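Please treat every number below as a calculation from the coordinates, not as lab data. What you see is a predicted model; the values in this text were computed from it and never measured. Because the Cβ atoms are built from the backbone with ideal geometry, glycine has one as well, and the counts that use them run over all protein chains shown.
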Ligand SMILES: [Zn+2]
């Protein structure tokens, strides 16, 4: 067997979903992420993988988004019995995220319970920024990646011959609410770098909060409802954090009267998964950034504010459908492909006093994209649950919400390394994004493989 570590990109090499990498070294099979593909990306059958699932010794997880962990149940069913290594927060998020995802797979209740017990037994939570021994002289360290709670980059070091690799995982944008910025303090021979937004620049957060306030304030004035489709993990908590600022921060209160606590406009989080995840975020305050921590110590819980209500059971959801505006309703799914947001949109979009506010990427072919496209067009409609729904509500697209670092952020993260890596391999990006990022990095003297 060759002594040189071998890295095989099983998934997520040239697209942004289905992340899965395999490193073979010293007779060990080490996997980083085991994600589900989404949209038109196709995932390879596990039977065609270069390694059998029962031969994988370690599975590292960079974070708990489904496109990074979603095939874990299948991996377990196919015989995986190695160790699962993640941060403490990612371990806490695995169960609710996979429980929800498994609801869409052809598994019965007993199988789901079995898989969950298995995952709990095999997985271990680790601290950030500490060196741990893995096996056969390998060491690993998890670095904060600022993408969602618990997200990390993974540094793996091999002895004799000395060699190291750094998997960036998904890197967050700087100033993401609640989370510390991505951090890169390790030298590595090879960097496996995500490139989702390798060709973009994001807006700053202060303007984003201001635009959110302006849109909500204007939309609520005529007594209508504002629907915000949002993903349960990450985006929902970011939104709550920014609404808390708009409602609780004196600096903003005067600016947007409809969001003043005295105006008593209720904000509903109509997603059981989102509420569950928010509870986990709220509990794990030791992983928040300084700003969120300070608010908390000064008596303002950054994910709670007056007028915020959780909608847990389906009866409560049905009751909510009947209440009059003004109100803000956050519900999933983020691209309106299913879930409770669909009920709200079906009932609410034909009314002009209502508004829909998009804060996330809408993939081509999703109802969310269709709503954006046909809004404001005469006779514009969208098909939801096989019904034609007229779009009379006002549609807003709030940009600047991204869980991923932009080109500057990615380049800065690479430049923060104490030494230049021998090579950078770009993954997790469409070809335009990878090409643009590769060009900028090469100009700065890095060796880049797209
Ligand atoms: Zn992610």
In whole Å, how far is the Cα centre of the range 280-299 from that of the range 415-440?
33 Å
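Divide by every residue of the chain the summed helix terms, -39500 (n - 2.57) for each DSSP H run of at least 4, and state the resulting mean residue ellipticity at 222 nm, rounded to the nearest 500 deg cm²/dmol.
Rounded to the nearest 500, the figure is -9000 deg cm²/dmol.
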Counting only DSSP beta bridges fully inside the chain, the antiparallel percentage to nearest 5 is 40 percent
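Sorting check: for 290-297, 368-375, which peptide has the highest mean count of neighbouring beta carbons within 10 Å, and how do the rest follow?
In decreasing order of mean packing, 290-297, 368-375 become 368-375, 290-297.
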Ignoring solvent entirely, what values of log10 I(q)/I(0) come out of the Debye formula for the chain at 0.08, 0.11 Å⁻¹ when each Cα is a single scatterer?
-0.47, -0.88
Can you tell me which of 23-34, 432-443 comes out highest on packing, and rank the rest after it, using the mean Cβ neighbours within 10 Å?
23-34, 432-443
Once every Cα of the range 148-306 carries one equal point scatterer and solvent is ignored, give the base-10 log of I(q)/I(0) from the Debye formula at q = 0.18 Å⁻¹, two decimals.
-1.19
The range 267-298 scanned against label point 7 Å out from residue 312 along Cα→C-beta; backbone N under 15 Å for 269-280
Computed over the chain: relative contact order in percent, which uses C-alpha pairs under 8 Å that are six or more apart:
17 percent
Cα-based radius of gyration of the range 205-401 once divided by 2.2 N^0.38 Å, which approximates compact folds:
0.99
What is the order of 301, 68, 155, 404, fewest Cβ neighbours within 10 Å to most?
301, 155, 404, 68
What is the spin-label model distance, in nm, from residue 286 to residue 264 if the labels are put 7 Å beyond Cα along the C-beta direction?
4.1 nm
If each residue of separation counts as 0.36 nm, what is the full-extension length gain between residue 175 and residue 386 once their alpha-carbon separation is subtracted?
71.9 nm
Normalised Cα Rg of the range 1-91, dividing by 2.2 N^0.38 Å with N its residue count, works out at 1.02
Report the full-extension gain for the segment residue 45 to residue 204: residue separation times 0.36 nm, less the Cα-Cα distance, to one decimal in nm.
53.2 nm
Shape descriptor, the range 51-174: equivalent ellipsoid semi-axes (Cα gyration tensor, sqrt 5λ, whole Å, largest first) stand at 26, 18, 11
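Starting from the Cα gyration tensor of the range 230-341, multiply each eigenvalue by 5, take the square root, and state the resulting semi-axes largest first in whole Å.
Values: eigenvalues 107, 71, 25 Å².
Gyration-tensor ellipsoid for the range 230-341: 23, 19, 11 Å.
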Pull up the DSSP beta bridges for the range 2-87 and report the antiparallel fraction as a percent, rounded to 5.
60 percent
